[in-house]
Structure formats: C-alpha cells, structure tokens
Amino acid sequence: MPIITGPRKRHRATLAVVTALIVIVLGLALRFYGPGLGLPAFIVKYGGSILWATMVYVLLVALLPSMSWRQIGGLALAVAVIVEASRLIHTPWLDSFRLTLAGALLLGRIFSLWNILAYAIGILIGICIDGIAMRRASA
C-alpha cells in the first residue's frame, strides 16, 4: 500500500478509530468474560495479547494515516517489543501501576517471549484489516 494522501487519509484514520474501538471492546470482553464462558486460559491470555497488538496497529493508523502499512507495522512491532521489554524493569512506582487494572491492561505484568509472537500475529491481523478497508474504500 503506497503512502496515503487527501480524503483517503481521513477515511483511513476514521476507519482505524472505529476499528480500534471495536478491538478494545472485544479485548476487554475476552479478558473479563472469557474465563466465565469457559474459554481456556491460553485463549484468554494470548487472545488478549493479539487484540492488544491489533489495537496498537490501528491506533497508529489513526494517528499516522499517511504512512504505509509496512511503516506502521514496523512501528507497531517496535512499540509492542518495547512495552514487553519494559516488564523487565522494576521500580516501586512502575510495579504499583502494573498492579492496577489499567497497568495490567496497558503494560502487563510478566515478560514473555510468547507475547511477542502474539503481538506479531495481532499486527498482521491489523495489517489485513487495514488492507481490506482500504480496498473497499477504493472500490
């Protein structure tokens, strides 16, 4: 996908915001209701990580709609890896924040290389959603 300009850029940003809201709702529903629905812990944990990374990708599309999917995908992966690596840093204030609901949802608590794989999958899903939306918008 080439760099986007003009009305297509605004349309792409608007679609990304709507998609981000949908992904956020799905992610929260999975985290809060998934265990009660009998979903395996693996699905709840890594499904949430996949949706978190998809959200990062689409929010970056909303903020930077003129960038290509490759640029945004690389940036989203960098953000995801930095957030995951930040779990290796322990300070009292950061650990206190991680114990809150917001801290757990935004930063997580425990470092895992498997999360990085889940993030990559989520970013690929975001790229696919973005590509489908832009093709439909062009048609």
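The numbers here are math on the coordinates, done by the rules we state, and not lab data. Quick caveat, the model's predicted, so the values are computed rather than measured. Heads up, the Cβs are rebuilt from the backbone with ideal geometry, glycines too, and the neighbour counts pull from every protein chain shown.
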Hey, among Leu59, Leu39, which residue is over 21 Å from Ile123 (Cα atoms), aliphatic (A, V, I, L, M) and without any contact (Cβ under 8 Å) to a residue 60 or more places away in the chain?
Leu39
I'm told Gly48 meets every condition in (1) without any contact (Cβ under 8 Å) to a residue 24 or more places away in the chain; (2) surrounded by fewer than 20 Cβ atoms within 10 Å (Cβ to Cβ); (3) within 11 Å of the chain's Cα centre (by Cα) except one. Can you identify the failing condition by its number?
(2)
Within segment 81-121, restricting to residues that are among the hydroxyl-bearing types (Ser, Thr, Tyr) and loosely packed, with under 13 Cβ neighbours inside 10 Å, the one that is farthest from the chain's Cα centre (by Cα) is Thr91
